[in-house]
1. To make sure I understand the rule: partners must be lysines, Cα under 18 Å from the Cα of residue A:17, and not fewer than 8 residues away in the same chain. Which ones qualify?
2. Lysine pairs in segment A:392-512 with alpha-carbon atoms under 21 Å apart, 8 or more places apart or on different chains: how many are there?
3. List the trypsin sites (Lys or Arg not before Pro) within segment A:111-176 that DSSP assigns to loop and that have no more than 16 neighbouring Cβ atoms inside 10 Å.
4. Could you give me the ³J(HN,Hα) list for segment A:358-372, computed from phi with Karplus coefficients 6.51, -1.76, 1.60 and θ = phi - 60°, whole Hz, x at Gly and Pro?
5. Have a look at A:16, A:284, A:335 and report the one farthest towards the positive end of the charge dipole of the protein assembly as shown, computed about the Cα centre with Cβ charges (Lys/Arg +1, Asp/Glu -1).
6. Can you tell me the dipole magnitude for the protein assembly as shown around its Cα centre, using point charges on the Cβ only (Lys, Arg +1; Asp, Glu -1), in Debye to the nearest 20?
7. Treat each spin label as a single point 7 Å out from the Cα along the C-beta direction, and report the residue A:292 to residue A:384 distance in nm.
8. Residue by residue through segment A:193-201, which ³J(HN,Hα) values in whole Hz follow from phi under the Karplus form 6.51 cos²θ - 1.76 cosθ + 1.60 (θ = phi - 60°), with glycine and proline marked x?
Amino acid sequence: MSIADKSTAKPRKLGLKERYAHLTRGLGWETTYQPMSKVFPFTDYEGIKIHDWDKWQDPFRLTMDSYWKFQAEKERKLYAVIDSFAQNNGHLNITDARYVNAIKLFLTGVSPLEYSAHRGYAHVGRHFVGAGPRIACQMQAIDELRHAQTQIHTISHYNKFFDGLHDARHMHDHVWYLSVPKSFFEDACSAGPFEFLTAISFSFEYVLTSLLFVPFMSGAAYNGDMATVTFGFSAQSDEARHMTLGLEIIKFMLEQDEGNVPIVQRWIDKWFWRGYRLLTIVAMMMDYMLPKRVMSWAEAWEIYFEQGGGALFEDLSRYGIRMPKYHEVASKEKGRLSHEVWATFYNYTQATAFHTWIPEKDELDWLSAKYPETFDQLYRPRFEYWKEQSDQGKRFYNNVLPQLCVTCQIPMIFTEPDDPKTICFRSTLYKGERYHFCSDGCKDIFLYEPEKYIQSWLPVHQIYQGNCGGATVPEVLNWYHMSLGNDNMDYQGSPDETLWNEWTADRHKSAI
Amino acid sequence: MPVASIGPYQFESRDKVSNFHGNQLTYLHWEEHNMYCAALAYPLPPTMPFRAIVENLLPEAYGYHPEWAKVKWDQVTWMLDGRPFIPNLDASLAENGLGHKSVVRFWTPGLHGIGGTAT
């Protein structure tokens, strides 16, 4: 081996490149006591063929010692900022207490996914044959654990003052709308290692992450939440590495065997759609939950998917990969998505661990300007009606549970691709039983693997089966660990609002 | 299509009708009134007369809507699981052909939601 020759000829410390080579090639070997297929039982069953694992290229070539060094530096900086944020009552500098509801959604919906990602990468980091991808996955597993941890630590400061942040882990595993992110990740983690990487590393981290991370972090920056901005920065260099892993795994599979192309294409189709549906919460966060807005969901979709994603898929076309199926449906929905979703949470705020509200007049005007083709025509009258009713003490709540999509588990709120006034109903019969879907994308995913999705733990049906603490709202909320009248209901009249008004009143007094 | 799996992979539906304690799931949806964000899900006994949907469940759910009082029931058009349908109010859900997880959509002519926006 040339590396070994050099190092014996001239005793010295190994260079980074050499250490990386030892770590990722020297540590891999063909087993002899047991057949490789028993040591690595999950590499073949998905149908992906790999002929030469050494063809794996990791542009970061990070060794363990440099990894620890980088991460430790970032931790030191982050925790210094978190400490000073707490000491200086940083929460008083946010634009408005309504903003904290975006943080509640992040902590209950996204941070637990970081932890799931940790588990997923730890698993595939054990099961790939090639030491290169194994190491990359192991590092990502540690990154993801760190992200979950730093997010919980950062946001714990808000938990001292605001409601709905006290039991994110429990809520993630029980609450109806959190079954959407939970089931997304469990679908990925219960797939094979190659599908997992296509799902999370490629479709999510590479294609869609700009639509999750950028809006949340810029949203935090725009709204004075320096703590969240800092964990965002701290995670950013990791994210760059994760995105690279995503693109590498795709290219690696596509270059290794032509037979891999249709399998990978089907996974891209599936995970694009699942990821896009998951991002509906981001759409609503951007357009409705940030008191100071960054850009509209439609603009973000145009920049990060239509332009950014378009260029990526043009690049992948030389391998025979095309744009994900139903990407054009996602583009047709960009003018409606956030409004449909915010209205849904407005319907059911009696059972959410965050508050909803009717946007202020200037916010409605912003929406009208950003969505000139849809907002005044379809949604503004709805919000104005609700406002009118609310002002008369008749705030609207929907008291009957909604129908859910079996695949994405979101209530069936989405409208026909070519008719924004009509709800999109899709269904199929499988083994004599009906299954319902919000879209052709979700129906296709079911039809390919029905045995997987007939197990869906659909919150509405679980409540009706008697598995969620009882049949009344207080019983179910108790089972969710939500505090009735504090965590849930409209922002107007909430303890959060009362507290914030007291603080800001004091601020105005001291300003005089 | 089977699931790509490491062993036999077969499961019971988590939502099979026998899990609902004698009820079956029914989804009801008032078209062009999307202020109610999705179809409503109910566990209902299959022996219940269809009339109970029209006279009890729907008014309770949709009564808040300003157009609800204007619905002319003799003009309503119905769809059951994607097919046109004329319910027999006095017959049971089962006799009307409603099965587990059936979808009943209905249109109320002349009523197109607040400001004609399907709200």
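Bear in mind that the values in this text are calculations on the coordinates, not laboratory data. The structure presented is a predicted model; accordingly, all values stated were derived computationally and were not measured. We place every Cβ from the backbone using ideal geometry, glycine too, and count neighbours over all the protein chains shown.
1. Answer for residue A:17, where 18 Å is the Cα cut-off: A:6, A:55, A:69, listed by chain and number.
2. Lysine pairs satisfying the spacing and distance rule in segment A:392-512 number 4.
3. Passing sites in segment A:111-176 are A:160.
4. 8, x, 5, 4, 5, 6, 5, 5, 4, 5, 4, 6, 6, 10, x
5. Farthest along the dipole direction, towards plus: A:16.
6. Values: 61 positive and 75 negative charges, 295 e Å.
Dipole about the Cα centre, nearest 20: 1420 debye.
7. 3.0
8. x, 6, 5, 4, 5, 5, 5, 8, 5
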